[in-house]
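Asks: Right, I'll just put the structure down here and ask away after.
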């Protein structure tokens, strides 16, 4: 059962959701559809881009909504609007006018501006429950969709006081069917939260990646997993992210200003120590840098880990050399499963110029010896303790 932001539980009425209409077959819409189809839900799809709609259908996400048919004869239980924030209110109004579903939700990553415009346009707010699944990828389009994209993720629900409780329960059930944990919170609180944990980090990632544009070839050959991790989300669509940031401008600006102040203080401290590394700069001079690093480490420790737990167990990393060829990772996981050890997380370090890499397997400490022995016996090059 999901939670509200103040700890109260969502009323778990678990309504039956048998038929869902997904309007928009991009990454998120198609992923929602695939997840629902995997749970036996009948899904109909709609998208103004016929190529996107056709690909989503070919992937098994559902079947096309016949625009010529009268949907009022058999409305869907829920309609999920997977459109850009600026388009959602008008798409919602048209869907409600034609009686597409009993309940409506969206999946945009901003909520306050969408809600305000929907109310201004006269949308039925009793049947509309704004939503935001906290899952995504830097890739776009139905071809990047995955049925497990929201597995174990939070799914924000931001109903107004006008929302019918049954409508909230129906959208919460959509989240659960997709493997997510529904969480109810105010639209403003949602937008401030995503500014902190999603939108501002995306801009920060882009700022780091932008420095690489002027980097020479020699510098880029030294790029390791650290810079890849930091810049991964910078590969997102600039047009899409520009719209998102515009709709959440003030909260994002506030976080970026705080980041900029931290970085400026660190830069000033480092500038003051330039050329004096061997002189042992005073701890007072480097205090802003140490403070930032300490707070960064503490903040990282607050990020919920596996299954949403804040207090994450300490994992041990086992490096395993793997050949860069099809099926290698699958065989490695199969060997771990045969040993009865669960891989809690995995990261792969590629070796430039060589047909191999290193898979860093994260396991619980008491499973290290068991897994290391089993993998070594199976012929893998295992390096525990490295």
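Rundown of residues vs (1) surrounded by fewer than 15 Cβ atoms within 10 Å (Cβ to Cβ); (2) at pLDDT 95 or above; (3) in a helix (DSSP H, G or I); (4) outside the structural domain of residue 144 (by TED's automatic domain parsing), yes/no style:
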| position | (1), (2), (3), (4) |
| --- | --- |
| 199 | no, yes, yes, yes |
| 231 | no, no, yes, yes |
| 241 | no, no, yes, yes |
| 257 | yes, yes, yes, yes |
| 271 | yes, no, yes, yes |
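Asks: What's the number of the condition residue 218 fails, among (1) under 28 Å from residue 360 (Cβ atoms); (2) modelled with pLDDT of 95 or more; (3) surrounded by fewer than 17 Cβ atoms within 10 Å (Cβ to Cβ)?
Replies: In the conditions (1) under 28 Å from residue 360 (Cβ atoms); (2) modelled with pLDDT of 95 or more; (3) surrounded by fewer than 17 Cβ atoms within 10 Å (Cβ to Cβ), residue 218 misses (2) alone.
Asks: Only one of 36, 55 is modelled with pLDDT of 95 or more, touching a strand residue (DSSP E or B) at 6+ places or on another chain (Cβ under 9 Å) and not in a loop (DSSP other than H, G, I, E, B); which?
Replies: On the way: 55 fails: touching a strand residue (DSSP E or B) at 6+ places or on another chain (Cβ under 9 Å).
Among 36, 55, only 36 is modelled with pLDDT of 95 or more, touching a strand residue (DSSP E or B) at 6+ places or on another chain (Cβ under 9 Å) and not in a loop (DSSP other than H, G, I, E, B).
Each row is one residue, and each column tells you yes or no for (1) within 21 Å of the chain's Cα centre (by Cα); (2) farther than 30 Å from residue 228 by Cα.
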residue: 92; (1), (2): no, yes
residue: 97; (1), (2): no, yes
residue: 118; (1), (2): no, yes
residue: 124; (1), (2): no, yes
residue: 130; (1), (2): yes, yes
residue: 135; (1), (2): yes, no
residue: 142; (1), (2): yes, no
residue: 152; (1), (2): yes, no
residue: 156; (1), (2): yes, no
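Asks: Have a look at 288, 323 and point out the one that is surrounded by 11 or more Cβ atoms within 10 Å (Cβ to Cβ), in the same structural domain as residue 207 (by TED's automatic domain parsing) and modelled with pLDDT under 95. Walk me through how you get there before you give the answer.
Replies: Details: 323 fails: in the same structural domain as residue 207 (by TED's automatic domain parsing).
So the residue among 288, 323 that is surrounded by 11 or more Cβ atoms within 10 Å (Cβ to Cβ), in the same structural domain as residue 207 (by TED's automatic domain parsing) and modelled with pLDDT under 95 is 288.
Asks: Let me ask something additional. What number goes with the only condition from (1) modelled with pLDDT under 95; (2) out of contact with any helix residue (DSSP H, G or I) (no Cβ under 6 Å at 6 or more places or on another chain); (3) within 30 Å of residue 238 (Cα to Cα) that residue 116 does not pass?
Replies: For residue 116, the exception is condition (1).
The values are calculated or read from the model by the stated rules, or taken from the named source; none is laboratory data. If you're wondering where the values come from, they're calculated on a predicted model, not measured in any experiment. In this analysis, Cβ positions are derived from the backbone assuming ideal geometry, glycine residues included, and neighbour counts consider all displayed protein chains.
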